[in-house]
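Structure record follows, encoded as structure tokens.
The values are calculated or read from the model by the stated rules, or taken from the named source; none is laboratory data. Predicted model only: the values in this text are computed from it and were never measured. Here the Cβ positions follow ideal geometry from the backbone for every residue, glycine too, while neighbour counts run over all protein chains shown. Note: areas computed on protein heavy atoms with side chains; ligands, DNA, RNA excluded. Shrake-Rupley method; radii C 1.70, N 1.55, O 1.52, S 1.80 Å.
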Amino acid sequence: MTHDYDAVVVGGSFAGLSAAMQLARARKKICVVDAGAPRNRFAAQSHGFFGQDGVPPLKMIADARDKLLAYPSVTFVEGYATDAKADGAGGFTVSLQGREAPLSTRRMLLAFGVQDQLPDIEGMRERWGHSVLHCPYCHGYEVADRKLGVLYAAPQPPDHALLIADWGPTTLFLNGNTGVLTDEVRARLQARGVSIEPGRVSGLEGNAPDLAGVRIGDGRVVPIDALFVVPRTRMNGSLAEQLGCAIDEGPVGPVIRTDDFKTTTVPGVYAAGDIAMPFQNATRASSDGVLAGVALHRSLVFDV
Ligand SMILES: Cc1cc2nc3c(=O)[nH]c(=O)nc-3n(C[C@H](O)[C@H](O)[C@H](O)COP(=O)(O)OP(=O)(O)OC[C@H]3O[C@@H](n4cnc5c(N)ncnc54)[C@H](O)[C@@H]3O)c2cc1C
């Protein structure tokens, strides 16, 4: 059986486009399918990426896509991959929403990212990426020395607030989980000047997407300019499960199991980016994609 593509890459963002670039430069015939909803689309600017600090994430991705499309062996499809399965001939078929004919490919590269499961607290969603933040390295500098909050949510340890205090005066909101503080952690927080607010958080106040304060159940509002949370994540869709890839539980959500060269437990299927590693950011996703792309190319040559 001949396949339409050497590789189909599902997800055309930091990981997928970085993988695709290696494959394009190896002159492989590839198709990148992308639904156009990268994880950091809520943020006006991306920070910390080599040479791109402060650039809007959608611009970074659009520029990378334009560079990729200069290579003639690349097809880019704006769309959503709904199903993927082995074709019994050493490759895979990938079905796209709204398209009758599935794509056929020798290899698959999964780079479809994760989504954040924000705590169910009034006012979170509309502030996400603006004044409700997940990563101090990505967005802490912009709110430095302002009134910072940390919302405790398992499995994140409460001493996360010790880190955030490096960016400014910090309040730890335990959200009713008073039992999580050991005497030792409490003492360390106090020594670092972190205020502790034990009450249940009932909502966020201010003119969204700005934040003015965190409302406690008893009606008090603690003035806060930026609130850090570490949400649990879930994968965008079920392609990895459909293909039979082993999935492990990471620190905040499921992670596709890969070896050092980003091969999943299913031969011929590679995974990169946020879906395939804990401790995620755009640089790491891009680097992961490069590794996966090169490994996938080598597998085509050496037939491994
Ligand atoms: C609010 C916020 C701000 C952030 N800011 C920064 C920052 O400043 N600096 C930094 O380094 N990191 C930042 N990050 C982290 C960064 O966004 C991620 O680490 C990075 O986007 C991961 O890249 P990825 O390619 O793995 O996945 P994503 O960027 O999430 O891309 C996945 C792509 O796959 C597509 N897709 C999903 N399912 C399918 C499917 N079935 N078919 C086709 N396409 C599909 C999606 O639409 C998306 O385009 C931020 C994260 C958040 C939440």
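A few points about this structure:
- Qualifying residues in the stretch 237-246 (those that are within 21 Å of Pro38 (Cβ to Cβ) and modelled with pLDDT of 95 or more) - the one nearest to the ligand (Cβ to nearest atom): Leu239
- Qualifying position, being modelled with pLDDT under 95 and charged (D, E, K, R), among Asp274, Asp303: Asp303
- Scanning the stretch 96-118 for residues that are modelled with pLDDT of 95 or more and more than 21 Å from Ser13 (Cβ to Cβ) yields Pro102, Ser104, Arg106.
- Against the criterion of being in contact with a strand residue (DSSP E or B) (Cβ under 8 Å, 6 or more places away or on another chain) and not β-branched (Val, Ile, Thr), Leu162 does not qualify.
- Residue in the stretch 109-117 that is farther than 23 Å from Gly289 by Cβ, under 20 Å from the mean Cα position of the chain (by Cα), open to solvent by 40 Å² or more (accessible area, probe 1.4 Å) and within 12 Å of the ligand (Cβ to nearest atom) present: yes
Okay, residues lined up against (1) within 14 Å of the ligand (Cβ to nearest atom); (2) hydrophobic (A, V, I, L, M, F, W, C):
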site: Gly203; (1), (2): no, no
site: Ala212; (1), (2): no, yes
site: Met235; (1), (2): yes, yes
site: Val255; (1), (2): yes, yes
site: Asp259; (1), (2): no, no
site: Ala292; (1), (2): yes, yes
site: Leu300; (1), (2): no, yes
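- Matching residues in the stretch 258-282 - criterion: being out of contact with any helix residue (DSSP H, G or I) (no Cβ under 8 Å at 6 or more places or on another chain) and either open to solvent by 60 Å² or more (accessible area, probe 1.4 Å) or outside the structural domain of His47 (by TED's automatic domain parsing) (or both): Asp259, Asp260, Thr265, Pro267, Phe279
- Test set (1) in contact (Cβ under 8 Å) with a residue 24 or more places away in the chain; (2) more than 8 Å from the ligand (Cβ to nearest atom) - Pro102 fails condition number: (1)
- Any hit, the stretch 35-44, residues being within 17 Å of Ala111 (Cβ to Cβ) and charged (D, E, K, R): yes
- Check on Leu133, within 11 Å of the ligand (Cβ to nearest atom) and in the same structural domain as Arg39 (by TED's automatic domain parsing): no
- Filtered residue count, the stretch 136-156, keeping only those that are more than 16 Å from the ligand (Cβ to nearest atom) and over 20 Å from Gly199 (Cβ atoms): 3
- Test: residue in the stretch 208-226 that is among the charged types (D, E, K, R) and touching a Lys or Arg at 6+ places or on another chain (Cβ under 8 Å): yes
For every residue, the table says whether it meets (1) under 18 Å from Gly293 (Cα atoms); (2) more than 10 Å from the ligand (Cβ to nearest atom).
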position: Val9; (1), (2): yes, no
position: Arg25; (1), (2): yes, yes
position: Arg41; (1), (2): no, no
position: Ala44; (1), (2): no, no
